[in-house]
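Right, one structure below, let's go through it.
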Amino acid sequence: MRLTYHAGGMSVVVKGKQASRKEAPILVIAPHSTFLDAVIVYVTGFPSIIVRTESGNNPWLGKIINYTQPIYVRREDHDSRAKTIQDIITRVNSEQDWSQILIFPEGTCTNRSCLITFKAGAFYPGVPIQPVLIRYPNKLDTVTWTWEGPGVLKLMWLTLVQPQSTCEIEFLPVYKPSAEEQADPKLYAHNVRQLMAKTLGIPTLDYTYADCKLVSRAKKLNYSQTLPLLQTHQLRVKLGLSRTQIEDKLVSENPQLLTGPGKMVTYTQFAKLMNISHKDPLLEDLFYLYDKEGSGLMDLKEYLLSVVLVNRSETKLEMIRLGFEVCGDKLNKRDFCLVLRLVLVLETEELERIFASVDTAAKGKITYSQFEDYAKNKPEFSTIYGNVLRRLSLPRDFDETKTK
């Protein structure tokens, strides 16, 4: 495998010295930016790796991955993550001759411009770890592999046509945790990340894999960055709310917050519900995003609904279905306008006209089936019920600045 890298024109430069398993049972690698980071596995002598279950099914690399006696994890499965942490603790404390464990704590690929939040799995055992840095000091970046950039084949081709590429691996001194860090894995992870970022000369950013996926999903829905639905989730990411998911807890404990008529709350009440200091300026921005009239009150139902729709849906169609489901199956005019205004960005007058067209019996409430029967026959909803998801055409006189 080392010869494969050399044959492809990539030289590997190693700085520092790798610690033994006795000195540091865990190797923490960052930043993680490309599939070519796999070179670290060969350089470090095939330690056990933490890897997605899907990677082990790869017909080419799966056998090599299995050779390292990896710990497999499903990133979307909370039970799998708990089992992974327990497996890590068991191995590092075992008296048997296990290999070192190699972990990319960011959990996903980034563009190396910063270090995102480290997952705490490597730090739960509270044992010394060795930070390891990976750099690609090439004039042209042909390796960065993220979900919004070039694919594998294009990156492989661009790298292969370069006369030479360099991968630099630097082993930092072993990091021995303090008593406070041993008791708090998140503090331990935070401090190690700060050290690695300082050595790399780049900032840290409090994003996680789940946060990045959430924002990416919103962008795939073709929402303008000025729209409240996307602004909400960008602010939630910065505030850390996307990790605590406190809104989901509120809804599960108090379903009437979505099925009921709505609840107006002050900024102080909102800060208490979100468990964030009222002095945080980002929380103020989030609150005033929903305080459209400057009254000092926000509709908590509208906020919670916007969070639930993006968290649990992949498409606009799924959002609409979910909106009907969580608001009580049959929606009155107010709730119908609220759901579709969030999802489709239409004016209230237009939504009231659509509601009246669906509610032909004038019952004051409509079901999702009634709306679907109506919408499937209307060209303005073809982007929702067609085969291709495109941005819904807005009225010519619609001004997005009004939604700020």
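The values are calculated or read from the model by the stated rules, or taken from the named source; none is laboratory data. What you see is a predicted model, and the numbers here were worked out from it, not measured in a lab. Neighbour counts are summed over all protein chains in view; Cβ atoms, including those assigned to glycine, are modelled from backbone coordinates with ideal geometry.
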Report summary line: Scanning segment 289-340 residue by residue, those crowded, with 18+ Cβ neighbours inside 10 Å, in a helix (DSSP H, G or I) and over 23 Å from the mean Cα position of the chain (by Cα) turn out to be Leu300, Lys301, Phe324, Val326, Asp335, Phe336, Cys337, Leu338, Val339, Leu340
Report summary line: Filtering segment 265-279 down to residues that are at pLDDT 90 or above, surrounded by 13 or more Cβ atoms within 10 Å (Cβ to Cβ) and in contact with a helix residue (DSSP H, G or I) (Cβ under 7 Å, 6 or more places away or on another chain) yields Val265, Tyr267, Phe270, Ala271, Leu273, Met274, Ile276
Query raised in the report: Applying the selection to segment 340-356, what residues are among the β-branched types (Val, Ile, Thr) and modelled with pLDDT under 90?
Result: Val343, Val345, Thr348
Query raised in the report: From the residues in segment 30-61 that are of a type outside the set (Ser, Thr, Tyr) and within 21 Å of Lys83 (Cα to Cα), which one is nearest to the chain's Cα centre (by Cα)?
Result: Arg52
